[in-house]
């Protein structure tokens, strides 16, 4: 009798987001994953490098938008047939479902590790080890695994996972998920931190492609129906099927389409450093981590800074010096054609400004 082949592990990197909270450095033509913000390499490059620690070279995939597909292909270094180009934005549920269909057509028992393209995780070895633990659980075929990061502060910008009972002796460390919680207010976030039974939702998932698609049929029937053209032709010259499916698909995040509605979700709590570097404030916090003099310093990402009696500022310069006098806690971002000045605390509100610019027809600036 022949041995059953061990399911292969594929990495699916999601790079379709707009990165609006990182404006004006993140733009339509140069989105956030392509930015070099930490460690002298782009966020996408670091993500691909992490993926290659647990997935073979032909098992790393990228899902991105059509407006920056050329740049993403070049930056990722992936073969053209491993880059799935979305014709329009339909949020993460559609992107993941399409990738699952495409990979399942080639590898019916594939396990998928879904990774955002724009997160910062310094310990790539610990991350890969966690993915492998999740993959072992996912080979059961009836479990959806999500990574839960140990909170270090009462963060109001992240979603949370409430941990339930242990998954069982066969899967040490894994916990059943009691519920997902959307971004809480400050008081609630402090309570979660005290309780110790909550984790940050990192948006990193591990599951069997086939089980994911079967669960979506139950939890997101409209999305399942939209996938019909791709089920008929999941690979090859199928651009018309992709366009038809995206034209019908609802715009849903995977949390709402699947995770909050499924009874088969487990969480792997992890304690390595993680940041979505989603705002200028979170980037400043990441750069200051472990620095005892952080409050007295300024952080320069690019360009030249001239500072006098200024501290705790984040500066991204261009081809001219940035001068700061007597200010504290600012983000100053010079993109050449526009300059952003905001308090770090209010930097998440940048996306509202981007929305206003688009509404007013100033898309050239976004």
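Scanning the stretch 321-366 for residues that are in contact with a strand residue (DSSP E or B) (Cβ under 7 Å, 6 or more places away or on another chain) and either over 24 Å from residue 28 (Cβ atoms) or assigned to a helix (DSSP H, G or I) (or both) gives 321, 322, 323, 324, 325, 328, 329, 330, 343, 344, 347, 350. Every condition in (1) assigned to a loop (DSSP other than H, G, I, E, B); (2) surrounded by fewer than 19 Cβ atoms within 10 Å (Cβ to Cβ); (3) touching a strand residue (DSSP E or B) at 6+ places or on another chain (Cβ under 8 Å) holds for residue 290 except the one numbered (3). Out of the residues in the stretch 1-27 that are exposed (fewer than 15 other Cβ atoms within 10 Å of the Cβ) and more than 24 Å from residue 206 (Cβ to Cβ), which is modelled with the lowest pLDDT? It comes out as 1. Of all residues in the stretch 28-53, those satisfying the criterion of being closer than 25 Å to residue 129 by Cα and part of a strand (DSSP E or B) are 38, 41.
If we scan the stretch 349-360, do we find a residue that is in contact with a helix residue (DSSP H, G or I) (Cβ under 7 Å, 6 or more places away or on another chain) and farther than 23 Å from residue 282 by Cα? Outline the logic, then answer.
If we filter the stretch 349-360 for residues that are in contact with a helix residue (DSSP H, G or I) (Cβ under 7 Å, 6 or more places away or on another chain), which is where we start, we get 350-351, 354, 357.
Of the ones still in play, those that are also farther than 23 Å from residue 282 by Cα are 357.
Yes, the stretch 349-360 contains at least one residue that is in contact with a helix residue (DSSP H, G or I) (Cβ under 7 Å, 6 or more places away or on another chain) and farther than 23 Å from residue 282 by Cα.
For the stretch 134-145, the criterion of being surrounded by fewer than 20 Cβ atoms within 10 Å (Cβ to Cβ), at pLDDT 95 or above and farther than 18 Å from residue 213 by Cα is met by at least one residue.
Considering only the stretch 78-86, I want to know if a residue exists there that is touching a residue at least 12 places away in the same chain (Cβ under 8 Å), over 20 Å from residue 50 (Cα atoms) and buried (at least 19 other Cβ atoms within 10 Å of the Cβ). Yes, the stretch 78-86 contains a residue that is touching a residue at least 12 places away in the same chain (Cβ under 8 Å), over 20 Å from residue 50 (Cα atoms) and buried (at least 19 other Cβ atoms within 10 Å of the Cβ).
Condition check ((1) in contact (Cβ under 8 Å) with a residue 24 or more places away in the chain; (2) in a helix (DSSP H, G or I); (3) surrounded by fewer than 23 Cβ atoms within 10 Å (Cβ to Cβ); (4) in contact with a strand residue (DSSP E or B) (Cβ under 9 Å, 6 or more places away or on another chain)) across all residues:
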residue	(1), (2), (3), (4)
229	no, yes, yes, no
242	yes, yes, yes, yes
245	yes, yes, no, no
261	yes, no, yes, no
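The values are calculated or read from the model by the stated rules, or taken from the named source; none is laboratory data. What you see is a predicted model; the values in this text were computed from it and never measured. Glycine also receives a Cβ, built like all others from the backbone with ideal geometry; neighbour counts cover every protein chain displayed.
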